[in-house]
Structure formats: C-alpha cells, structure tokens
Amino acid sequence: MTDSGARTPPGGALATPATIERRYRELFEGALLGIYVTTPDGELLACNAAFARLLGFASVADAIGTSMATLYEHAGDRDRFVASVREQGRLEHHRGRLRRRDSGVVSVIETVVGEFDAAGVLTELRGFVIDISASVEADLALIERERQFRAVFFEAADAMLILDDRRVIVEANPAACALFGVEADGIIGASLDALLVGGEEHLQAAWRELLALGEARREHRVRSRAFGGDGSRLVECSYRARVDEQRHLCIAHDITDRRLLEERLMQAEKIDSIGRLAGGIAHDFNNLLTAILGYTEMLLGNRGDDDPERRDLEEIQKAGQRAASLTQQLLAFSRKQVLMPKQVDLNETVTGLQSMLARLIRADITITCSLAPAAAIVRIDPTQIEQAILNLVLNARDALPAGGHIGLEVSLVHRSQMTGPADLGWHTGDLVRLRVVDDGVGMAADVQAHLFEPFYTTKAVGKGTGLGLASVYGIVRQSNGFIAIDSAPGAGTIVTMHFPAAPCVDEVTRPPAAETIAVPGHETVLLVEDEDAVRAIVGAVLRRHGYHVVEASGARIACDIFAQRDDIDLLLTDIVMPDMNGPALAQRLIGMRPNLRVLFISGYADMLTPPAVDSPHVGFLSKPFQASVLIARVAKMLASAAVVPGL
C-alpha cells in the first residue's frame with residue numbers, strides 16, 4: 001500500500017528529499033516576490049534575490065544579518081508589525097513603507113506568517129512583500145489631480161456644473177449658485193433643461209455633439225434670481241465629456257454685459273457709418289444749395305413786386321431754405337456741422353426756453369424745470385443745445401396724446417458716479433446732466449434700437465422727417481457728450497444727456513456791433529473755393545456789388561496769386577479743400593501780410609473748427625447762405641479793417 005499523500009512523478013519514481021529541497025530552493029530564489037525570514041527582534045535570517053533587489057542590497061549575502069527594524073520608514077513601525085503577528089499569528093495584505101539602502105522609500109504589501117514553538121513563543125516571521133510603489137504613486141497623483149480639480153472647481157470665477165448622463169446637476173460651485181441666485185441645495189438635483197429660458201433644441205444639439213465629440217459649446221439664456229429685469233442671463237456654456245465616470249462638466253460664462261456692450265458698439269459703428277455717408281451727402285447738397293439760393297436771390301433782386309415770375313422764384317427760395325434746414329440736421333447727426341462753442345449755463349438755457357416751450361405744447365400738458373443748485377457750465381454751441389432741447393420736448397409732446405407731464409432737469413454729477421460709452425475716455429472730472437422726462441406712452445426695446453438712425457420715425461407718414469433724434473445725437477456727441485434713452489411701453493421716457501463740466505470763466509462780452517449797411521464795394525477779394533458752382537455764384541454776387549474778385553480753385557493756386565499781388569484786402573476761403581485746408585492757407589497768407597482779413601465759409605467740419613472767429617481779423621459764414629448775408633458780412637469785415645488802428 002502506498003501513501004495517499006505521495007505523488008509519483010512521471011516514470012513512477014518518487015522524488016528524493018534532495019530533489020524536493022532543490023525544487024523549493026529554486027522556487028525560493030527565483031520568485032519575483034520578495035521572500036524573507038526574520039527573527040522577532042528583526043535579524044534577517046534568509047531572503048531571496050528579489051527581496052535583496054527591492055531594498056537595494058548588492059546581493060543576498062549583503063542583506064543577510066541586516067536588522068529589519070532599520071528598514072522601516074518610521075521608528076516603531078517594526079515593533080507594531082511584530083506585535084500584530086504575535087497576537088494574530090499572521091498578517092495578510094499589510095501595507096507598509098520600507099527604506100532602501102540608498103535611502104529611497106518603497107511602498108509594499110506584506111503577507112507574513114509567525115512560527116511559534118511548543119510554548120507558543122514567536123520564533124520566526126516568514127513572509128513575502130510586493131512592491132506597489134508605482135500603484136501608490138499613481139493613486140497619489142490621482143488624489144492630487146482630484147484635489148486640484150476640486151480647488152479649481154470651487155474657486156473658479158465662472159459657474160461650473162457637474163452633470164450626469166441625464167443632464168441632472170450633481171454638483172455646483174459657488175459661482176454657479178451666485179449666477180442662478182440659489183443655494184447649492186437648491187440647484188443640485190435639478191435638471192439643466194429646467195434652468196433654460198427656451199432654446200431646448202440648442203441644448204439637445206449640444207448634448208449630442210458632446211457625447212459624439214467629447215466637447216461642445218453653445219449660448220443659452222438661463223433663469224436667474226440674482227438679477228432684476230426679466231430674470232434671465234445670457235451665458236456661454238462649454239461642455240466637456242467624461243471628466244469622471246458618467247460625469248460631464250459644464251462651464252457657464254455670463255456674457256450678458258459683454259453682449260450688451262458689443263451690441264452698443266455695433267450700433268455706434270452703424271450710426272457712425274450712416275453719419276459719414278449723411279455728412280458727405282449734406283456737404284455736397286450745401287454746395288448745391290448755396291448756388292441755388294444765391295442765383296435765386298439775384299433773380300429776385302431783378303424782379304419787381306408785380307413781376308409774375310417773382311412768386312415762382314420765392315417758392316424756389318423757400319424750398320431751398322427747407323432743404324438747407326434738412327442738410328443742417330444731417331450734418332448735426334453726422335457731427336460734421338461747424339459749431340460755435342461758448343461757455344453756456346444750462347440752468348439759464350432751460351429757464352430761457354421755458355416760456356417758449358410752454359407755448360409749443362398743448363394745454364393738457366404741463367412742463368416743469370428742475371435746475372442744478374450751482375451754475376451748470378458747459379462749452380457748447382448755444383444755438384445747437386437749444387435746438388436739441390426743442391426737438392426732445394416736441395418728441396415728448398407727441399408721446400402724450402392724452403396729456404401729461406414733461407420735465408426738464410439739470411444737475412451736476414461726478415464722473416465716478418456713472419459710466420459712459422467705452423469710446424469716450426475723455427473726462428475724469430464733473431459732468432453736467434440734462435434730462436427730458438415724460439410720462440407718456442413709452443417705447444419698446446426694438447424701437448429704441450433704431451432711434452438715433454436718420455430718417456427713422458415712429459410717426460405717421462408726413463408727420464416727421466426722422467432727423468430730430470438723429471440730429472440731437474450728433475449735437476451731443478460733437479460736443480464731447482453722450483446720450484442715453486430709458487423707456488418702456490406705458491412707462492414714459494427719460495432722455496439723458498451728459499456733457500463735460502467747463503470751468504466757470506467770465507467770458508468777455510463785447511457790445512453788439514452796429515449793423516453794416518451793404519454799400520457798393522471797391523476792395524479786392526481773393527475767393528478760394530474748390531466747388532465750381534459755389535465759386536461762380538459767390539464771385540458773381542461780389543462783382544455785382546462792386547468788389548474786385550480774384551478766383552482760385554485751390555489753396556496752392558491762391559498762394560501763387562497772393563504772392564504776385566499786393567492789392568488783396570480780404571481772403572474768402574472754404575475750410576475743407578483737398579490740397580490744403582482753409583485755416584492752413586489763411587495762416588500762410590497772414591504770415592506774408594499780417595493785416596489781411598479772412599472770412600471762412602463752410603457747412604461741413606472735418607475735425608476742424610473756425611479758428612479765432614472772435615478776432616476782428618477773422619469771420620465765419622456757414623453754408624448755405626443768402627447773397628445779402630454774404631455781402632453784409634464782407635462789408636463788415638472790410639469796414640473793421642478801416643477802423644482798427646495800426647492796420
């Protein structure tokens with residue numbers, strides 16, 4: 001009978017003890033796991049090559065005899081380890097950290113069995129170790145990445161949401177709570193779909209793109225309790241798929257204010273483009289109207305009161321004058337009109353207009369004025385600001401079909417108290433605010449978006465030109481100010497204008513000059529005008545009144561003529577010319593002859609203002625003008641030359 005526990009190797013021969021010993025030795029020495037035997041006090045009795053390599057020994061022989069107590073990272077770790085084995089008899093999957101000979105540290109998992117004698121005393125510890133350093137480092141890196149992600153997530157300025165596959169919010173950062181105006185527990189568990197204001201199809205498309213490509217980006221309008229108005233904000237959402245198992249990241253950036261600024265900028269650019277076009281057209285029309293009105297007035301001068309053609313000529317003149325008024329409004333809108341800025345107290349302007357405005361509105365409308373407690377000084381063309389106020393009051397009147405109230409308010413504000421358009425970084429001091437307020441029918445947002453465009457009107461056909469607000473816009477902007485409108489249907493309208501406050505400086509007030517009677521002249525006038533039609537009519541009018549006229553179609557020709565003649569008494573020049581502008585020409589000629597008188601004519605300003613118009617040497621006449629006004633102004637300029645001493 002054979003031992004049932006004995007195994008017969010192939011060939012039927014039993015393994016000898018030497019063979020079994022050799023096999024165990026080969027298994028021990030060739031194992032990839034570190035195997036060791038130690039005494040309870042830590043002396044290493046035996047180990048294999050893998051154990052020696054793990055701890056940095058040169059060989060097994062080098063490792064034998066080492067105290068295991070010195071190989072543990074922290075003092076006391078070995079004692080606690082042995083005590084656990086003594087108490088439990090064995091330890092499995094015990095995690096620890098051992099120190100290598102080169103002072104490096106490895107993370108290991110140990111499984112050890114205690115060998116006890118008959119008295120139950122621990123005599124040896126036999127075990128093996130597995131190096132898990134790479135796994136531990138990977139775990140630590142994962143934990144660190146998780147920590148960093150959490151830090152970024154909770155400290156980010158943009159709203160961040162963690163969504164599951166059904167778009168349910170499983171986590172939200174503080175910025176998201178602030179955006180939606182709720183606490184974290186009020187948003188976690190909610191569906192992203194429920195936060196949107198419409199646009200569900202865009203969200204569905206973004207989600208399909210996210211799952212297919214791993215990322216997506218869309219703009220959504222979302223509900224928010226943190227803001228007033230309609231309670232919604234426009235956000236740009238960037239989606240990232242699988243930031244965690246079945247978890248997706250949504251980063252929502254609030255672009256409401258940015259989009260509003262972009263729309264304002266686009267509107268301003270559109271208005272400026274229209275303004276440049278309108279200004280160019282108005283400039284050409286001014287030149288044509290100067291010729292039309294000039295020739296008409298000359299023809300009227302040759303017709304008696306009973307002439308049958310006189311009535312027709314007068315109608316032509318009236319039509320031309322109406323056209324001139326329209327071109328002035330176009331130039332006001334395009335900010336190309338020539339302004340005569342002065343120190344103006346808006347308190348006095350509003351007070352002076354009150355009685356006239358009261359006559360323009362109906363009896364069922366009341367008008368009140370609220371003035372600033374101190375002088376509200378601005379530098380502006382007084383005629384233009386009065387025209388702007390008149391246009392706004394008439395618009396307010398038309399918005400009150402059943403009667404109501406119109407208020408004019410003047411106040412002083414500091415620049416830090418309000419924000420102006422981004423393209424106006426001109427002023428850091430005080431501002432003067434002028435408001436026209438009514439409690440009329442108000443306007444919808446889509447109407448407000450077009451208010452400053454020329455020829456846009458909400459009135460019936462034939463009831464308005466559509467240039468009133470456009471010209472107000474141009475006057476305000478050309479005067480270094482800005483304008484805003486706040487209105488809603490049924491809630492009335494507030495038109496607010498801001499201008500830089502000017503220092504309160506007493507300007508010299510000259511007594512009004514006596515009217516100059518246009519008498520036949522004899523002086524010589526150098527007429528410089530690049531527009532043939534204007535040059536022809538101005539020259540004809542001057543010659544008819546006895547003046548000697550020398551014409552030049554450009555500034556350089558005028559310089560050559562002036563250098564060859566010494567009898568020129570007056571330079572009559574356009575301001576805007578292609579080769580050299582009028583002020584530059586005047587400066588050059590006055591340098592040659594200081595007593596020269598200069599009269600500028602223009603209906604269009606391109607970053608130019610009439611220079612030194614308060615000087616007796618220099619005058620300005622705006623196109624289009626009447627022939628009688630031209631002659632009176634020329635006579636006045638030449639008369640002043642005769643009375644100013646030393647000239």
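The values are calculated or read from the model by the stated rules, or taken from the named source; none is laboratory data. Source: prediction; values computed, not measured. Cβ: placed from backbone, ideal geometry, glycine included. Neighbour counts: every protein chain shown. Protein only, heavy atoms only, side chains kept; ligands, DNA and RNA dropped before computing areas. Shrake-Rupley method; radii C 1.70, N 1.55, O 1.52, S 1.80 Å.
Figures for the structure shown
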| quantity | calculated |
| --- | --- |
| Of residues in region 536-579 being in contact (Cβ under 8 Å) with a residue 40 or more places away in the chain and touching an Asp or Glu at 6+ places or on another chain (Cβ under 7 Å), the one nearest to GLU297 (Cα to Cα) | VAL538 |
| Qualifying residue in region 93-106 (condition: aliphatic (A, V, I, L, M), in a strand (DSSP E or B) and open to solvent by 20 Å² or more (accessible area, probe 1.4 Å)) | yes |
| Enumeration of residues in region 595-619 that are modelled with pLDDT of 65 or more and touching a Lys or Arg at 6+ places or on another chain (Cβ under 9 Å) | LEU599, ILE601, SER602, GLY603, PRO616, HIS617, VAL618, GLY619 |
| Out of VAL541, VAL525, sole residue that is at pLDDT 90 or above and under 22 Å from ALA639 (Cα atoms) | VAL525 |
| Options GLU245, GLU297, GLU269; residue that is closer than 30 Å to ARG145 by Cβ, of a type outside the set (S, T, N, Q) and modelled with pLDDT under 85 | GLU245 |
| Condition check for ARG101: within 18 Å of PHE28 (Cα to Cα) and more than 60 Å from the chain's Cα centre (by Cα) | no |
| Residue in region 175-194 that is surrounded by 14 or more Cβ atoms within 10 Å (Cβ to Cβ), assigned to a strand (DSSP E or B) and of a type outside the set (D, E, K, R) present | no |
| Unique residue being among the aromatic types (Phe, Trp, Tyr) and at pLDDT below 85 when the list is TYR36, TYR24, TYR72 | TYR24 |
| Region 125-155, residues that are of a type in the set (S, T, N, Q) and closer than 28 Å to VAL113 by Cα | SER133, SER135 |
| Test: residue in region 137-148 that is open to solvent by 50 Å² or more (accessible area, probe 1.4 Å) and in contact with a strand residue (DSSP E or B) (Cβ under 6 Å, 6 or more places away or on another chain) | no |
| One residue from SER224, SER238 being more than 30 Å from ARG543 (Cα to Cα) and modelled with pLDDT of 90 or more | SER238 |
| Complete set of residues in region 423-443 that are open to solvent by less than 60 Å² (accessible area, probe 1.4 Å) and either at pLDDT 85 or above or among the charged types (D, E, K, R) (or both) | LEU431, VAL432, ARG433, LEU434, VAL436, VAL437, ASP438, GLY440, GLY442, MET443 |
